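Taking it in order: structure first as structure tokens, then the write-up.
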Amino acid sequence: MCGIVGYIGKQNAYPILIKGLHRLEYRGYDSSGVALLNGQNKLNVYKAKGRVSDLEESCATKDTLGTVGIAHTRWATHGEPNNVNAHPHYSQSENLALIHNGIIENYAVLKAGLINEGYTFQSETDTEVLIQLIEYVKVSNNVDLYTAVQLALKQVIGAYAIAIIENANPDLIIAARKSSPLAVGIGKDEFFLASDASPIIEYTNKVVYLEDEEIAIIQRDEPLKIVNLNNHEKTPQITKLEMNLSALEKGGYEHFMLKEIFEQPRTLRDCMRGRINVENNNVTLSGIIDHKAKFQNARRILILACGTSWHAGLIGEYLFEEFCRIPVEVEYSSEFRYRHPVIFPDDIVIAISQSGETADTLAAIELAKEAGAFVYGICNVVGSSIPRNTHSGSYTHVGPEIGVASTKAFTAQVTVLTMMALNIAKERGAISQTRYEQTLSELSNVPAKIKEILELNPLIEDLSKTFTYAHNFIYLGRGYSYPIALEGALKLKEISYIHAEGYPAAEMKHGPIALIDQEMPVVVIATHDSTYEKTISNIQEIKARKGRILAIVNKDDDKVRAMADFIIEIPETEECLAPLLSVIPLQLLSYHIAVKKGRDVDMPRNLAKSVTVE
Ligand code: M6R
């Protein structure tokens, strides 16, 4: 969702900004733009609907000189994606230009006030209201840009990450954030600004993450200054980035999604590294050690997440209830935050998010904290907002996930939840030593088993040709496989735009069975588990109605093979770990169907990688 890049230093800003925009493309956007100060009292703003490459094309004949600039990828909220609504937005006098991520909720009231003062608007955006407000405050109070931003932001309700440049002051960028991420990279005689570290990493590994209601005063040849809305200055806290550049490249794969699917044997090892000690058969998570008593005395676990992370949460529910015997509720963050939930001070809230920036999950965390609950974050992006706003947590350590469709982050979330469940179960004495050791040792075998499944890629690619005709899909699973049915369906929807429904297999006969005919592909996860025989009965029900069955089975499965039209064989594992294996062929199936349909797999339409607005 919207991306910000900024540069001030001795180099020409334009190529750095464009490269930065390309790095942020994965977040999802529909238009882009750039503002440059060319050093001759000219503030140039260029914008284009579509891809960053469209912007580059339209800038080819333009003046793109200047050592200071800001640039933006916009994911439309207020007003359709077009050149006028794209950022940056000029102020009325064209002395200021602003880019913005987030939503100004009271923009209509502010706009009405500004219209009364004689301001006119070109776009339908809330962002243009903000820059006009800043100019109005600046002119009417006769103050400098920093003070104007500070005063204007006090009038704003909503979320923002902003960057502003001023024609009259080519040595300055002002940036600020609230509920939307922003990082300042510190180079030698230069500064970078970005929504996340990906545009910064090739120039410097030193970054400062802005906190809510902080303003960065980024001045050429001056140290970075950070001040909050109440004018308190703060010493910038420099974080050293661990990310490497190759993690942001495709490494020979056609798409990031495919690369990320294939990375999973390694990423899961990275996720377990230092946590599972195979020799001692032990698992420790530092985020739990420091809060042992909380976990031991937990009355209930509430899991909050969205999308794929919510599916990981559902598996977490099964794990915690099976192993720890703690009641669990899993909620969409967006529902939780608005439904007056009952939260007890001895609840443990687990917030799961790949990006660590999902606005709904952040808001749900605040609600839980206000009610006195202990909040544990499971996140992938180091230094993102959720880990900084939770009491404790675990990183998934899978490196940047660029494909909009989450794959390696999901399997790592499930792995962290499994390690947590085993650890807490042991601390609470709720699991036998034998079971604990067995599951742990089998968890360590999962990466090798995923590697085996990945060898089926050519077969799955071949199979995908059979299904490109389909307009609808049903995915079925029971027990631990039910969340995987949901996840398989979501993956297909997101990247191929084929309608797909995930269902608990037994629920079929309560409605969806009406949809089954010879045209309907039904993907059934039918691995050897405690509900295997029941799933077979469900398959028979589909078969009787001529549905086309693609079954995910374990090797040497005869019963399902006899009924299914197609099968994909995966290795056996413990029932609770099966989701980590059965999801892999479904990721590959979605990927290949989407490729065959000519979809933009890494940047599917309308979707954003980090959903920073509600
Ligand atoms: O960054 P998060 O894990 O909080 O994101 C939650 C969802 O937006 C995300 O999982 C979304 O559903 C993905 N596109 C799934 O592939």
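The values are calculated or read from the model by the stated rules, or taken from the named source; none is laboratory data. Just so you know, these numbers come straight off a predicted model, no measurement behind them. We place every Cβ from the backbone using ideal geometry, glycine too, and count neighbours over all the protein chains shown.
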Listed residues P483, P458; which is at pLDDT 95 or above, surrounded by 21 or more Cβ atoms within 10 Å (Cβ to Cβ), out of contact with any Ser or Thr (no Cβ under 9 Å at 6 or more places or on another chain) and assigned to a helix (DSSP H, G or I)? P483
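Select, from K491, K546, the only residue that is charged (D, E, K, R) and farther than 25 Å from I261 by Cβ.
On the way: K491 fails: farther than 25 Å from I261 by Cβ.
From the options K491, K546, the qualifying one is K546.
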Members of segment 518-538 that are crowded, with 22+ Cβ neighbours inside 10 Å, free of Cβ contacts under 8 Å to residues at least 60 places away in the same chain and in a helix (DSSP H, G or I): T535
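From G185, G118, which residue is free of Cβ contacts under 8 Å to residues at least 60 places away in the same chain and closer than 22 Å to I18 by Cβ?
Details: G118 fails: closer than 22 Å to I18 by Cβ.
Within the list G185, G118, the selection yields G185.
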Selected residue [surrounded by fewer than 24 Cβ atoms within 10 Å (Cβ to Cβ), among the basic types (K, R) and outside the structural domain of P341 (by TED's automatic domain parsing)] from K465, K369, K449, K426: K465
Close pairs from segment 407-419: first among the polar types (S, T, N, Q), partner within 13 Å of the ligand (Cβ to nearest atom) and part of a loop (DSSP other than H, G, I, E, B), Cβ under 7 Å, at least 6 apart: Q413/T396
Taking into account only those residues within segment 344-361 that are of a type in the set (A, V, I, L, M, F, W, C) and at pLDDT 95 or above, which is nearest to the ligand (Cβ to nearest atom)? I352
Of the residues E254, E329, E322, E317, only one is part of a loop (DSSP other than H, G, I, E, B) and either buried (at least 21 other Cβ atoms within 10 Å of the Cβ) or over 19 Å from the mean Cα position of the chain (by Cα) (or both); which? E254
Residue within segment 149-167 that is modelled with pLDDT of 95 or more, of a type in the set (F, W, Y) and either surrounded by 23 or more Cβ atoms within 10 Å (Cβ to Cβ) or in the same structural domain as K42 (by TED's automatic domain parsing) (or both) present: no
Residues in segment 313-328 that are under 10 Å from L417 (Cβ atoms) and of a type outside the set (A, V, I, L, M) total 5
Test each condition in (1) more than 16 Å from Y90 (Cα to Cα); (2) touching a helix residue (DSSP H, G or I) at 6+ places or on another chain (Cβ under 8 Å) for A148 and report the one that comes out false. (1)
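Can you say whether G377 is within 16 Å of the ligand (Cβ to nearest atom) and either assigned by TED's automatic domain parsing to the domain that holds M420 or not small (G, A, S) (or both), as far as the supplied structure shows? I'd like the intermediate steps shown before the answer.
Working: within 16 Å of the ligand (Cβ to nearest atom): yes; either assigned by TED's automatic domain parsing to the domain that holds M420 or not small (G, A, S) (or both): yes.
When the stated conditions are applied, G377 passes them.
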Starting from segment 351-372, take each residue that is of a type in the set (A, V, I, L, M) and list its partners that are near the ligand (Cβ under 7 Å from one of its atoms), counting only C-beta distances under 8 angstrom and pairs at least six apart or across chains. A351/A305; A351/T361; I352/A305; I352/S309; I352/T361; A359/V611
